[in-house]
Number of protein chains: 6
Amino acid sequence: MRRVLAVGAHPDDVELGCGATLLAHSAAGDAVTMLVMTGGENGPGDDAAVVGRRAEQQEAARTLGARLMWGGLRDCTVTPDAATVAIVERAIEETDAEVVYVHAPDDSHQDHRAVAAATLSAARRLSRVLHYQSPSTLTFSPTTFVDVTAFLSGKLAALRAHASQVEMSAMVEPDAVVASARHWGAQARIGYAEAFAPTRMVIDLAPAPLPPVDELSHASRRPRSAPLSVALY
Amino acid sequence: MRRVLAVGAHPDDVELGCGATLLAHSAAGDAVTMLVMTGGENGPGDDAAVVGRRAEQQEAARTLGARLMWGGLRDCTVTPDAATVAIVERAIEETDAEVVYVHAPDDSHQDHRAVAAATLSAARRLSRVLHYQSPSTLTFSPTTFVDVTAFLSGKLAALRAHASQVEMSAMVEPDAVVASARHWGAQARIGYAEAFAPTRMVIDLAPAPLPPVDELSHASRRPRSAPLSVALY
Amino acid sequence: MRRVLAVGAHPDDVELGCGATLLAHSAAGDAVTMLVMTGGENGPGDDAAVVGRRAEQQEAARTLGARLMWGGLRDCTVTPDAATVAIVERAIEETDAEVVYVHAPDDSHQDHRAVAAATLSAARRLSRVLHYQSPSTLTFSPTTFVDVTAFLSGKLAALRAHASQVEMSAMVEPDAVVASARHWGAQARIGYAEAFAPTRMVIDLAPAPLPPVDELSHASRRPRSAPLSVALY
Amino acid sequence: MRRVLAVGAHPDDVELGCGATLLAHSAAGDAVTMLVMTGGENGPGDDAAVVGRRAEQQEAARTLGARLMWGGLRDCTVTPDAATVAIVERAIEETDAEVVYVHAPDDSHQDHRAVAAATLSAARRLSRVLHYQSPSTLTFSPTTFVDVTAFLSGKLAALRAHASQVEMSAMVEPDAVVASARHWGAQARIGYAEAFAPTRMVIDLAPAPLPPVDELSHASRRPRSAPLSVALY
Amino acid sequence: MRRVLAVGAHPDDVELGCGATLLAHSAAGDAVTMLVMTGGENGPGDDAAVVGRRAEQQEAARTLGARLMWGGLRDCTVTPDAATVAIVERAIEETDAEVVYVHAPDDSHQDHRAVAAATLSAARRLSRVLHYQSPSTLTFSPTTFVDVTAFLSGKLAALRAHASQVEMSAMVEPDAVVASARHWGAQARIGYAEAFAPTRMVIDLAPAPLPPVDELSHASRRPRSAPLSVALY
Amino acid sequence: MRRVLAVGAHPDDVELGCGATLLAHSAAGDAVTMLVMTGGENGPGDDAAVVGRRAEQQEAARTLGARLMWGGLRDCTVTPDAATVAIVERAIEETDAEVVYVHAPDDSHQDHRAVAAATLSAARRLSRVLHYQSPSTLTFSPTTFVDVTAFLSGKLAALRAHASQVEMSAMVEPDAVVASARHWGAQARIGYAEAFAPTRMVIDLAPAPLPPVDELSHASRRPRSAPLSVALY
């Protein structure tokens, strides 16, 4: 069982960037957490929009089999300072994450840049930090891919959970999501793919330790409750 | 069980570039093959040097738990033409390789460049092609690492098998091999690492299919004869 | 009226890389020529396959409104030497080309690399050299795009003309062609796009010189025979 | 008629980076606007220096045939936050710009970096964003050029309008301006050029729609008042 | 005698990045200054930790033969704004520096990024700005090296002066320092090296002017008080 | 006294790329050798053109204070194979070169690419290999510069020695040579510069050993016959 943390600046960023990969993690029995840095502001007098976005994000996380954490920052004000770094550090610590997914650093949205930079700082001791692409990402030369053929419809479902957000944003176009997955899939010589540019990625070649036999003898093929701890990277 | 092919231009190139990673593959029960493109010329009248190099390379392959294939080309004459591509294609076909390791393309040695180019062509339909560094490699910006702390002494042993080669080459310095492993290890936030720049690398997140229970109940921790088929990438 | 030359290593390379852009050129009244370096070998005893490929390529060129030139080289044997450079030089001279489209230089197919290199040499005095992507292209970071929404179905028709070729090649997948056009279109903030990485691209901002009035007064909207000479780049 | 917006951090930045290109746009009948983010502070008690700089910038804009807009920020304090993005968004909206010129993102001056980043964000839905070079620009690999042979003396005249600024800055050297234009011109295989690195650049190959004939029959060669609407990119 | 300024964000950053090179400068009779931007906060009520760190940094500077300057900023709060630029500008002015060493710009620590950016701005008129690597540096492709074989133990001694800092930081590992020096040394075809990526580096090929003969006739081999003014770059 | 080798594919390539730097080396008393790979073919029946080019190249070398070596290859036929590597290896051995200047590797002329690649191979054990720009060079991001203000007219004189060559080549334009020197000089914050991209460059910071005093007491300022051995890099 891997411990996975995906960080995004706004509601729906994580789903767009690596939603199908998170579904693949969930299907493999991994512990998946999403940290959404803005959009879920707390406090007295939350207006309806915030409440709505929070509910949508919660539903999207449920769709992906992921736990949801909020960063508590405000849209369009994120800076990569020590406070932002600390938010990501706490999420890494709390989830004991082994692998972190986050925005690519070269992005025209200032919040995306700030979240990427702060996450690189917070994850400075981790061996696996992978960057995903957003519609506003600028340079992006991915070398690492995940086959998401089986999870693409689930990704679209998670995006549909963000009904209000998708309506607002002219840049989230479902057909472009599918097209990019097919484009990267062709690059990766598979069907559909999500694409990643790693800052660093340690691959673990060791076979998984065998579980106790009596546990295994009752195992279904993809046992959620007692997953085979597979050394995937 | 993964099927792994490592391609190098000359005897000892593969060991220098990814020898410890091949040991990690062997330890995981993978089927490892080395294709050495030059240095093992066949024919009547093989002189003693060729025979000696072939024996050394065979011993090094044995040390790594790898099968050895020869490309049959001559040192310093390799070109990335259709004939060279065909040699690598045959090795990929014969081994049914899923992952290929090869020189980085930007290298000051013409044979290294040619072997990298020919292998990229031969592996055009494979989803996992990773480039290793040689002493003559020029630009190299690795993002993908394998923890080789447990396999570094084995790598040095494989290099020592090339006694005549190592004496000849001023560029193979064992202390630099260890230093680079530590340098890349620090980059990867682990102990010692071999470093790779992927052309493309598809990670497989699915859990391994469970073997039949009665087979497992007798399994040792790392069963060589009946390896757990682990989905590592 | 612009004079356009598109160079490709094999039948269907040009159509895959920039077929829709050539259609846009043709629709604008430009003089479009395709130079296919291999696959149309002349001589006594042409076998049926060559004759068939030549007919298919001729039909594809007709579909794109382009003149067809053959380089006369043999598949998988192209090298970027003086003879190959001379073939492209002659095509540039004969067509008086102002803009050249050709493979991206970093490609795993040796013929593609060789054709890109030879064309860069032959076009050394031209101010507009743009590289297109092939399925075997490696690094590719396009910055320049052409809106091909109106021409995508024409591109697919041109590809279908290569019936024998498409059957042979596992790497030409029509749905991936459409997906990449949509992917690049999203990058370019338009619908569907072909993507280019320029070696150099001079944009001409001057308005077109006005044609004589009596000629214009009879002009249809897109007069092929007396096209408005538009300064497009 | 194209609608062009050029954004610079300080008075004279736009002229230095793309002044001759703006002259070429003006000569082609395009609507050209300059947005200068700092240096024109409003308010009671404007001191003489500010008034002088504003007059100089106004004169330089007039020389280029451009409309002038001020961003209202203060020199050396620009940050790429939401407020700065909003200033550029308003200018894009007000001018309905189709193409935006701005500083290259990698620049040692913090204001230049901030203006480039904020403009990339504000122009996130535009298909044409081109970066120009400043004396403080760091990495810069231009691929796109405009022939400015006919406009170089006009550019120098616009720079001379900034008499106080040029005296202040040791980094604005007219001979270096001319030398760089010739250097880039040689790269572009033309005489003198301004050089651009596009974030994205969509080229429009369609011929311009023909104007009504009776208008044309009276047209001078470059009719400013009724310019031929040329599809330049 | 060269005038050298090395800038670092925190105590021990300069020593880690270019400590041995500074020792080589000192040995050559150059005037070496270190500017440490944070960690030496002044004021009433300095706590023991600050006092301790300041003493350690002073001792490390003494070990390197360098003068120590403090930037007076606070750890984890550095931004590349005009105030930070001014601190570095003052140090450049006061030392009349000809060459500046500083962090590489792409670094996961926000203070490192900010110090690199501010130094590039402050040194905008200098002809020699070289970037060193820190454990948190991300992309780094050095081309310029200094042979530090004779100075590596001195570098380790300077690092040991930071006893409290080294204990705190899991990322400063002496064996990794030595390994990286050997790794870069192999890249540079020498023994041990520190590696630099220059923003710009002007090499001075002129021979040193000869000192007056009667001065020379009493000269020791490395005369500190009347050093031979050697044109090193 | 440094031992310098500059390698070029054709007559005048070295002068164009680094002629002024070679003059600076000569002025500093260094031993400068030029290796021109093609254009000086030997043998019975040399035609007048070859004889003329050889005389011109000899005169240009004399102008630069350099020894001339010929590679003996034929224009437009250079390949980076073992034979070409051996030619450069012999020149390195014979001159005992410490620093090598050569074409940049990414160049549209096949001979330039081949000479760059072969020289990188031949110089694989040297610590100083610097690439210069030619008119046909493609990507080029120099970081290292030599101030050539005092040597630019000498460079132009050396180029004028190639009267027949310069007439032939439309790409050698003296005003562009001067403009590029000024452009790079502005980048380097000096007057006029030649620009270099190093593959690797080791800087030697040690002061020069003092010559014996009685030799010095007779020394002129720039003693050619007994040059001060200056440790320049």
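Please treat every number below as a calculation from the coordinates, not as lab data. Remember, it's a predicted structure, so these values are computed and weren't measured experimentally. For neighbour counting, all protein chains shown are included, and Cβ atoms are generated from backbone atoms with ideal geometry for every residue, glycine included.
Side notes on the structure shown:
- Rounded to the nearest whole Hz, the Karplus-based 3J(HN,Hα) values (6.51 cos²θ - 1.76 cosθ + 1.60, θ = phi - 60°) of region D:116-129 follow the sequence 4, 5, 5, 6, 4, 5, 5, 9, 4, 9, 7, 9, 9, 10, with x at glycine and proline.
- Inter-copy spacing of E:ALA82 label points, which lie 7 Å from Cα along Cα→Cβ, given in nm from shortest upward: 2.5, 2.5, 6.2, 6.6, 6.8
- Taking amide H positions as modeled 1.01 Å from N, with prolines and chain starts lacking one, the residues under 5 Å from D:ARG200 and 5 or more places away or on another chain are D:VAL129.
- Chain B residue nearest the rotation axis toward F, with distance: B:THR79, 5 (Cβ to axis, whole Å).
- Rounded FRET efficiency, nearest 0.05, which uses the C-beta distance separating C:ASP47 from C:ALA163 and R0 of 22 Å: 0.80
- Rg and Dmax of region B:1-125, Cα atoms only, in Å: 13.6, 40
- Per-residue Cβ neighbour rank within 10 angstrom, fewest leading, C:MET1, A:MET34: C:MET1, A:MET34
- Amide H contacts of B:VAL99 (H built 1.01 Å from N, under 5 Å, at least 5 apart or other chain): B:ARG3, B:LEU5
- Inter-centroid distance (Cα atoms) of region E:1-33 relative to region C:179-202, Å: 48
- Modelled spin-label separation between F:ALA55 and E:GLU94, with each label point placed 7 Å from Cα along the Cα-to-Cβ direction: 6.6 nm.
- Contact order relative to length of region D:54-153, as percent, for alpha carbon pairs under 8 angstrom and 6 or more apart: 26
- Inter-probe distance in nm under a simple model that places probes 7 Å from Cα toward Cβ, at C:ARG125 and E:ARG125: 4.5
- For F:LEU35, distant residues with modelled amide H under 5 Å away: F:ALA6, F:VAL7, F:GLY8, F:MET69
- Each copy carries a label point for F:THR139 at 7 Å from Cα along the beta-carbon vector; from one copy to the others these points are 0.3, 0.3, 0.9, 0.9, 1.0 nm apart, nearest first.
- Our note on the geometry: Cα centres of region D:51-74 and region A:75-154, 41 Å apart.
- For C:ALA150, inter-copy label distances in nm, listed shortest first [label point 7 Å out on the Cα-Cβ vector]: 2.7, 4.5, 6.4, 6.4, 7.3
- Mean partner shielding of peptide C:22-31, defined as the number of other chain Cβ atoms within 10 Å of each residue Cβ, is 2.
- Whole-Å semi-axes of region C:22-79's equivalent ellipsoid (Cα gyration tensor): 25, 13, 8
- Ranked for footprinting exposure by Cβ neighbours inside 10 Å, fewest first, F:LEU159, C:LEU130 give F:LEU159, C:LEU130.
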